[in-house]
Amino acid sequence: MNTLDSYNVRDIGSLQMAGIALTAAVLAVVIRHLLFDPLAKVPGPWYTKWTNAVLKIRSIKGDGPIYVDQLHEKYGPVVRLGPSEVDVTDVAAIKKIHRVKSDFGKTDFYQGLGYRRENIIGTQDTDFHRRQRKLLSQPMSENGLKAMEPEIEEKVRLAIEKMGEEMKTRKAVDIYKWWMFMTTDIIGQLTFGESFHALENGKADSYIEDLGKAGIVSSIGSQFISLMPIIYHLPLPGIGGSLRMLADRIQIGARAKFQQLRHEMESKDEETPLLFSKLAQGVIVDGETMTETELVNAAEAYIIAGSDTTSNTLTFVTWALCKQPKLKDQLIKELETLPVNFTGEDLKSLPFLNRCITEGLRRFPVVPGGLPRYVPKEGADIAGYWLPGGSTIITQNWSLHRNPEAFPNPDQYDPSRWENPTKAMKDSMLAFGGGSRICIGMHLAYIELRMGLAYFFRTFPKSRVSSLEGMGDNDMKEALYFISSPQNHRCIIETA
Ligand code: HEM
């Protein structure tokens, strides 16, 4: 036997050993999964024992919630989505997960969305979150927002004016675009004391464009959270560098806006009521305050969370009402009862307007997918299934809001179902989340939704869905990402 041959024999031996080791490792994983899989009893497709790849692919395609909903139809209120992921539609379980002081904390998914910024939306630190809520809640309360209503109303009126102008030249209006500019300008105005002037300019400024780009990259990145440290530094096409560079650009922009706000407040005798007026001046609330970095991060969180959520809801509700002229006429009749100089309080007391909004939030939930949470370390009993600590539990609105027992004929947009809402209906609504992590901008959203719809239908009572430029129902099919929107990003309405 020559030397070469002896090497070959040794190599073959090593290869065999490696093959045996690999087979043993695979077998060990298989056996562990088969014998010790803590989620083995949770029903779901066979492959979810091994992978959540189907969920990821469908989420990236923008129809993850439909996939999960189909699994619920087949397997019941608790379904397995992956090796350690479960979705639940059981109301008692949802109350347990989304309650005040819940120990089901937000998962790493939100870290992806926040692209490494510790802010109120993504934080997993309960003390940090409690402090932020305490400091930020008052200006966001119904009472706190009253002082900001004139600023909001001004932007709503400007949006309606711009829609009227577009109607004259284009013979139709893209309400998706104008509602987006309006909500972006409102949250900019209330946050930084100066809007982004999207309504005046008819386009988003570079800061908003950067935020939009970061939102797209982050929402894809949040599906692959373990790859985020790499994604963060990769040069990506179309965003002017890496996500890290983009995030830095956004932060520099927000910091400059804040410094300008502080400067203006110092030079004024009277205080302008804004979401951060007091905190920006370093006012201490119950012995606590926020640093400039915390304020900048909170401002960014507000702008991300507070623009397309509200504008997409406005778009879907406006469209749904234009599609059903009887409902639209009923709303217009109710709006005719308003005094000339109506206020936010007057709008709050209009029953049909508010039913139209509630039904819009149900039928078109703009946060349609899961609000993923970790099961606390001691594990939890969820609707009769024991889930180990650290597994992920998801509660998706898309399914909850379509529970046919609570909402017969769930695909129908029908505001009348809210005339006498049952307990099951109220319990099945999770449009703004729940418990300690409930949407802090909920009251602001309601003010914008009421004012937007009231001004729109009072000004344009003849509105109807247009077929100009090929507009059709298909345009309004929902792209179900973390935030859902009309799939073609337009909604063309004729107002005369
Ligand atoms: C129709 C409009 C809106 C809808 C449907 C909506 C929905 C939601 C939902 C479902 C959550 C909970 C997320 C979770 O638990 O994982 C949330 C949280 C949040 N929303 Fe909204 N939102 C809307 C408008 C706004 C507005 C106008 C703001 C303005 C600042 C805002 C700011 C936030 C913030 C900061 C959080 C995180 C709260 C926390 O974790 O303490 N949202 N929103």
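Helix-only mean residue ellipticity at 222 nm, the chain, DSSP H runs n ≥ 4 weighted -39,500 (n - 2.57), per residue, nearest 500. What is it?
-17000 deg cm²/dmol
Given +1 on the Cβ of Lys and Arg, -1 on the Cβ of Asp and Glu, and no further charges, what dipole in debye does the range 136-254 carry about its Cα centre, rounded to the nearest 20?
In total the dipole reaches around 440 debye.
What accessible area per residue, rounded to a whole number of Å², is obtained for the chain using a probe radius of 1.4 Å?
46 Å²
For I230 and M17 in one chain, what is 0.36 nm times their gap in residues minus the Cα-Cα distance, to one decimal in nm?
73.3 nm
Among V296, N488, T272, whose Cα lies farthest out toward the positive end of the dipole of the chain, if unit charges sit on the beta carbon of Lys, Arg (+1) and Asp, Glu (-1)?
Most positive-ward Cα: N488.
Among G282, V375, G238, pick out the residue whose Cα is farthest towards the positive end of the charge dipole of the chain, where Lys and Arg carry +1 and Asp and Glu carry -1 on C-beta, about the Cα centre.
Towards the positive end, the residue furthest out is V375.
Tally Lys and Arg at +1 and Asp and Glu at -1 over the other residues with C-beta under 12 Å from the C-beta of G164: what net charge comes out?
+1
Percent of accessible area on the range 54-494 owned by carbon and sulfur, 1.4 Å probe?
Carbon plus sulfur share of accessible area: 54 percent.
Using alpha carbons only, how many angstrom separate the centre of the range 219-291 from the centre of the range 102-160?
A separation of 13 Å, based on Cα centres.
Among the helices of the chain (complete DSSP H runs), which have Cα atoms covering no less than 27 Å along the helix axis and a Kyte-Doolittle mean of at least -0.5?
3-36
Label points 7 Å out from Cα along the Cβ direction at A256 and W386: separation in nm?
5.8 nm
Enter the mean projected area of the convex hull around the alpha-carbon atoms of the range 54-494, in nm², rounded to one decimal.
If you wrap the Cα atoms of the range 54-494 in a convex hull and average its projections, you get 21.6 nm².
With +1 assigned to the C-beta of every Lys and Arg and -1 to the C-beta of every Asp and Glu, and no other charges, what is the dipole magnitude of the chain about the Cα centre in debye, to the nearest 20?
Once rounded to the nearest 20, the dipole reads 1080 debye.
Figure the gain on full extension for Q70 and E266 (residue separation times 0.36 nm, minus the Cα-Cα span) and round it to one decimal in nm.
64.9 nm
Stokes-Einstein at 20 °C, 1.002 mPa s, Kirkwood radius from Cα pairs: D for the range 35-151 in µm² s⁻¹?
125 µm²/s
What do you reckon, how do D475, D125 stack up by accessible area (1.4 Å probe), largest on top?
Descending order: D125, D475.
The values are calculated or read from the model by the stated rules, or taken from the named source; none is laboratory data. Computed from a predicted structure; not experimentally measured. Neighbour counts run over all protein chains shown; Cβ positions are idealised from the backbone, glycine included. Protein only, heavy atoms only, side chains kept; ligands, DNA and RNA dropped before computing areas. Shrake-Rupley method; radii C 1.70, N 1.55, O 1.52, S 1.80 Å.
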